Amino acid sequence: MTAPLLARDLVSGYHARPVLQGVSVELVAGRIAGLIGPNGHGKTTLLRTLSGSIPLRSGKIEMNGEDVSRVPVCDRVGRGLVHIPQGDQLFGDLSVEENLRMGAYLRDDQKAVRQTLDEVFTIFPRLAERRRQTASSLSGGERRMAGIGRGLMAEGRVLMVDEPSLGLAPLVIEQIYEALRQAVQSDRAILVVEENPSRLLGVADAIYLMDAGRIVWSGSAAETVNSSDILATYLGGH
Amino acid sequence: MDILIQILVTGLTLGAMYALASVGLALIFGTLGMFNMAHGLFMTIGAYAAFSLSGYLGLVLPVGLLIAMAAGALIGVLTHLLIVRFMLTGPNFETNVMVATAGLAILLQDVLLKIFGAYPFTQPVKVEGTIRLAGVAITLQSVVIVAVALVLISAIAFLLLRTRFGMTIRATAMNREAAELMGVRTTRVYLQVMGLAGALAGAAGLMISSLTTLSPQMGGDPLLKAFVICVVAGLGNVWGAGICAFALGLLEATVQFEFGVRFGFPVMLLLVILVLVWRPQGLFGRERVVRL
């Protein structure tokens, strides 16, 4: 079976400075993969490269065996690649419901969209209470819920979430991870980026450790606990 | 009473023309973040298109209006396809595109000068006659101008607020990158916005030329006033631009009547300076709140 998302030897970055220096990752349907690593080492850049917001310099991105390296952002979304960016990036003057509906922009079946909307409201009841409010009036936790909910609205086959726990209270973080756990279905793969690896240990099936633009270690969640590389990277052992 | 009605009618007519001109300008600024220096020429081209084509298709106003709007939309779309599109992702987009559209305006103005000459033609596409309201004679053309502006601006408001297409435009204006991540082809949204704003400008050009005359430089003054209106309203604020256009039209008519025609524009400019000192973000603009 081909991987829903496969990246090989990605090199990309901003202006003249490459950030990613040959990154390879493979996502598996029905699994959550975690990408961890210190800040400023290319985790967000990797997601932006995968979604197409940053052009690829070299390497290859495949979805279900099909090369999408040169495909523009909106068409990658059409193929089921959903990127939930850091800092939510909501449409501030649109209502919560309109934001969620924008998430389903490429879906034509309005009946199915309404059903997904109800599902999102079931996962995050707070969003249902706030559905008519503008997104800019939400609290930090609510905005993150709206961001995740908007990503779920696309019913994509690959979901990439950038730092879902950043700056949130533990209770809200628990709720958001519960939503991600529910979102993994047999045909959906999820990639979660976190700076703090402990969040991912009970959730992710596989962990990638990124340092200075490279994947320096990868393995299962169980292996992560025993790995000294993880500590070495975080404590500056290299 | 007569005087009041006269001022009201003049002010609303001016305001209607300003609104058509500035709503399009605000829409472009709000969505693409660019100041379209060629907007005045979009108006001029609309006026000339109605002038030269309606002779073949009939001099009735609806036909002339459609021609003007189609010509404005076409030039808007072409401006996007041939110029704006290539600058969007480059550095210093705001400055570059302003210089480029200013250059385009000069070029188009010279082309019109070459084709039609500098002779000020009268616009044949207009409604003749007057009606009397409480003893005051009102030209039918003024009524037409106000009606056309109200209908077109209501249509734009409906489009932006009540349709999926409008929601996509608003979302793209708020956050382009996020809109892309939803699967929106934002370059196409920009193309549509340029077409819409161009159509409004074309209609504005036809209306303006029906009260004054056609000349290659006729768009300069309305562009300046539309810019003033957008600044007073808050750059990129479409609703504010519509309201401010009517308010400034009424103000200009009052000042022109009370103090003389030559004081109309200076008072408008003075008002802009005051607004910029008192509320730099414009009357309807919001201060940018940066949140992490």
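Every read-out reported here was derived from the displayed coordinates using simple, explicitly stated rules and does not represent laboratory data. Because the structure is a prediction, the values reported are computed rather than measured. Note: ideal-geometry Cβ built from the backbone for every residue, glycine included; neighbour counts use all protein chains shown.
Worth a mention:
- Peptides A:143-149, B:171-177 ranked from most to least packed by the mean count of surrounding Cβ atoms within 10 Å: A:143-149, B:171-177.
- Nearby lysines by direct alpha-carbon distance to A:Lys43 (threshold 27 angstrom, same-chain neighbours under 8 apart not counted): A:Lys60
- Share of Cα-Cα pairs in region B:2-219 lying beyond 22 Å, as whole percent: 52 percent
- Under 12 Å of direct C-alpha separation, and excluding same-chain neighbours fewer than eight residues apart, B:Lys225 reaches these aspartates and glutamates: B:Glu252.
- Between B:Arg262 and A:Gln21, the distance separating the two model label sites (each 7 Å from Cα on the Cα→Cβ line) works out to 7.2 nm.
- Interchain or long-range residues, amide H under 5 Å from B:Leu133's placed H: B:Ile138
- Spatial separation of Cα centroids for region A:40-75 and region A:94-127, in angstrom: 26 Å
- Highest average packing first - B:5-14, B:89-98, A:215-224, Cβ atoms within 10 Å: B:5-14, A:215-224, B:89-98
- Residue-averaged 222 nm ellipticity for chain A, from DSSP H runs of 4+ at -39500 (n - 2.57), nearest 500: -10000 deg cm²/dmol
- Residue-count net charge about A:Ala29 - beta-carbon cut-off 13 Å; Lys, Arg +1, Asp, Glu -1: 0
- For the residues of A:131-143, the average number of beta carbons from a partner chain within 10 Å of their own beta carbon is 1.
- Antiparallel DSSP beta bridges within chain A, percent to nearest 5: 55 percent
- Two-site FRET efficiency, B:Arg279 against A:Arg132, from Cβ-Cβ distance with R₀ of 25 Å, rounded to 0.05: 0.30
- In sequence order, calculated HN-Hα J values of region A:144-157 (Karplus, 6.51, -1.76, 1.60; Hz; x Gly/Pro): 4, 4, 5, x, 5, x, 4, x, 5, 4, 6, 6, x, 8
- Bins of 20 Å, starting at 0 and running to the largest distance - Cα pair percent for the protein assembly as shown: 20, 43, 26, 9, 1
- Other-chain or far-sequence residues with amide H under 5 Å of A:Val68's (modelled H): A:Ile61, A:Glu62, A:Met63
- Computed extension gain for B:Arg162 through B:Glu177, at 0.36 nm per residue and net of the alpha carbon distance, reaches 3.1 nm.
- Within 10 Å of the Cβ of each residue in A:44-55, the mean number of Cβ atoms contributed by other protein chains is 1.
- What the Cβ-Cβ distance of A:Ala222 and B:Ala155 gives, at R0 = 41 Å and to the nearest 0.05, is a FRET efficiency of 0.10.
- Peptide packing: for B:146-159, B:67-80, B:127-140, A:42-55, the average count of neighbouring Cβ atoms within 10 Å per residue gives the ranking B:67-80, A:42-55, B:146-159, B:127-140, highest mean first.
- Sites B:Tyr56 and A:Ser139, calculated FRET efficiency, Cβ-Cβ separation with R0 45 Å, nearest 0.05: 0.15
- Degrees separating the helix B:2-32 axis from the principal Cα axis of chain B, which is the longest one: 20 degrees
- Peptide A:98-106 has a mean of 5 when you count, residue by residue, the C-beta atoms of other protein chains within 10 Å of its C-beta.
- Taken one residue at a time, the phi angles of region A:2-14 give Karplus couplings (6.51, -1.76, 1.60, θ = phi - 60°) of 7, 6, x, 8, 9, 10, 10, 6, 6, 10, 7, x, 10 Hz. Gly and Pro are set to x.
- Here the 3J(HN,Hα) profile of region B:143-153, calculated from phi with Karplus coefficients 6.51, -1.76 and 1.60 at θ = phi - 60°, is 4, 4, 4, 5, 5, 4, 4, 5, 5, 5, 6 Hz, Gly and Pro shown as x.
- For chain A, the equivalent ellipsoid derived from the Cα gyration tensor has semi-axes of 28, 21, 17 Å, listed largest first.
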